[in-house]
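The values are calculated or read from the model by the stated rules, or taken from the named source; none is laboratory data. The structure presented is a predicted model; accordingly, all values stated were derived computationally and were not measured. Cβ placement follows ideal geometry from the backbone for every residue including glycine, while neighbour counts extend to all protein chains displayed.
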Amino acid sequence: MASHQPDRRWHGRGPGRRVLGRTQHHLLAVRAGGRASAVSRGTTTGRRARTLRRLRRTINWRKRPIAGRLERGGDRADSRVDTIVATSRFFRPAVARLEPYTPGRQPAPDARVVKLNTNENPYPPSPAAQAALASLDVDGLRRYPDPMAATFQQAVAETLGVAADWVLAGNGSDDLLTMLFRAVAGPGRAVAYPNPTYVLYRTLSAMQEAPVIEAPFDSDYRLPVDALITAGAPLTLVANPNSPSGTLVQLDDLDRLAAGLDGLLVVDEAYVAFASSDALPLIRSHDNVLVLRTLSKSHGLAGLRLGFAVGQPDVLAGLTKVKDSYNVDAVAMKIGASALRDTTYTAEVVARIIATRTRLVTALEQRGFRVWPSQANFVLARPVDGDARRLHAGLDARGVLVRYFDEPGLDDCLRITVGTDEEQARLLDALSELQPPANA
């Protein structure tokens, strides 16, 4: 009778090869059920430890958060290790070792929480946008949408006072960022940006295997213009207002940066509706400047996924070559165009959020927080006693969700979305329970 010993042939090539030297029986078990049996795993504790060590050596996860979770997670962690080991052979090494972007927590729709962790607009979309949704031609959904989203493109052009061929629509501004990295960045073609900033830039750079040059902000978030010019990267990105600090770079600094670069300068203006200035004047004076915007924040359409790039037509023509064929759906086009044209409603909502932001900053400073000057729909705040982690946990326990940061440049910080006045009152009441005001 033939022996039923598992086949221990190597699977895959390259950097992941040692990790992938698992038994065929093991791989089949993982594929079939997502979790291997004790027979296929061998002894659980020893095998898990050895596998995790190999995983770390091979795909450089020694300092990645998931590694710690795998160590602590028991059988669930063992299953996660098994799954990673079983599937890593399918991906490029750069993807196998990639630390994915981690979005903010999204609670269940019926959860009774105050959600101030992902910078969403606390107010509903405009009446015009709601009317557009109600009048949607459902029968038309069987057709593919316009590949250039012309109706939305024209609405953007009219709103900003530019020609339609200076506008490119995207499935949110993250879609446009993906196009940019796909078209410009790669091995030997570096990406530069000030840091700390939007972490998706780092993730997209790793996906493209592009060298990264991070020029640090100072403690007041002044733009390191000279360092970015010296870097001379083919792709330079500046989130303005910056995320997660909310601080604004002045137009003169962006103008000087654009003039000093041969490569493309992308000004990511996701939060610009809440700011005192924007970079649109630069797109006419510099052919290497591209401005990105989204309808997620100021127009209350984060669930729709719609954004746009504004720049000179030659630059947009290059991005069009690498975009998905039909990257903006018909529903988003119609609702987005209506929302953009309802400028009165948007201005009222933005003014309300800015007024609430001012009151929030004052209240946090009275409680001893350092609050960076924000021109976004959120604030970055640090308690003077170095207690942000405890406050974050305490707020979470009270049903108030905010974002916690503890990394270089953002150590011991909370990022708090500006909500309605009622939501801010809930936040401040919870903070009062956790720490009394500094003057009390």
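Values computed for the structure shown
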quantity: Conditions (1) surrounded by 15 or more Cβ atoms within 10 Å (Cβ to Cβ); (2) under 27 Å from residue 351 (Cβ atoms): number failed by residue 131; calculated: (1)
quantity: Helices (runs of 4 or more DSSP H) enclosed by segment 199-296 - at least 2 residues per element that are surrounded by fewer than 17 Cβ atoms within 10 Å (Cβ to Cβ) and assigned by TED's automatic domain parsing to the domain that holds residue 372; calculated: none
quantity: Qualifying residue in segment 181-192 (condition: closer than 27 Å to residue 299 by Cα and either of a type in the set (S, T, N, Q) or within 20 Å of the chain's Cα centre (by Cα) (or both)); calculated: yes
quantity: Pick from segment 399-425, criterion closer than 22 Å to residue 121 by Cβ and of a type in the set (Asp, Glu), ranking: surrounded by the fewest Cβ atoms within 10 Å (Cβ to Cβ); calculated: 422
quantity: Where residue 179 falls short, out of the listed (1) in a loop (DSSP other than H, G, I, E, B); (2) surrounded by 19 or more Cβ atoms within 10 Å (Cβ to Cβ); (3) of a type in the set (A, V, I, L, M); calculated: (1)
quantity: Identity of the residue in segment 87-127, in a helix (DSSP H, G or I) and buried (at least 18 other Cβ atoms within 10 Å of the Cβ), that ends up modelled with the highest pLDDT; calculated: 96
quantity: Extreme residue, nearest to residue 305 (Cα to Cα), among residues of segment 137-182 that are in contact (Cβ under 8 Å) with a residue 60 or more places away in the chain and hydroxyl-bearing (Ser, Thr, Tyr); calculated: 173
quantity: Selection within segment 274-289 - closer than 15 Å to residue 256 by Cα and of a type outside the set (D, E, K, R); calculated: 279, 280, 281, 282, 283, 285, 286, 288, 289
quantity: Qualifying residues in segment 297-333 (those that are among the small types (Gly, Ala, Ser) and assigned to a loop (DSSP other than H, G, I, E, B)) - the one nearest to residue 160 (Cα to Cα); calculated: 298
quantity: Subset of segment 335-375 [crowded, with 22+ Cβ neighbours inside 10 Å, within 21 Å of residue 157 (Cα to Cα) and out of contact with any strand residue (DSSP E or B) (no Cβ under 9 Å at 6 or more places or on another chain)]; calculated: 335, 337, 338, 339, 340, 346
quantity: Residues of segment 171-216 satisfying the condition of being closer than 26 Å to residue 333 by Cα and basic (Lys, Arg); calculated: 182
quantity: Qualifying residue in segment 376-389 (condition: out of contact with any strand residue (DSSP E or B) (no Cβ under 8 Å at 6 or more places or on another chain) and in a helix (DSSP H, G or I)); calculated: no
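Conditions (1) farther than 23 Å from residue 419 by Cβ; (2) in contact with a His (Cβ under 9 Å, 6 or more places away or on another chain); (3) without any contact (Cβ under 8 Å) to a residue 60 or more places away in the chain, marked per residue:
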position	(1), (2), (3)
292	yes, no, no
298	no, no, no
314	yes, no, yes
317	yes, no, yes
324	yes, no, no
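Yes/no per residue for (1) in the same structural domain as residue 244 (by TED's automatic domain parsing); (2) touching a residue at least 12 places away in the same chain (Cβ under 8 Å); (3) more than 23 Å from residue 247 (Cα to Cα); (4) not in a helix (DSSP H, G or I):
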{"residue": "354", "(1), (2), (3), (4)": "no, yes, no, no"}
{"residue": "362", "(1), (2), (3), (4)": "no, no, no, no"}
{"residue": "370", "(1), (2), (3), (4)": "no, yes, no, yes"}
{"residue": "396", "(1), (2), (3), (4)": "no, no, yes, no"}
{"residue": "415", "(1), (2), (3), (4)": "no, yes, no, yes"}
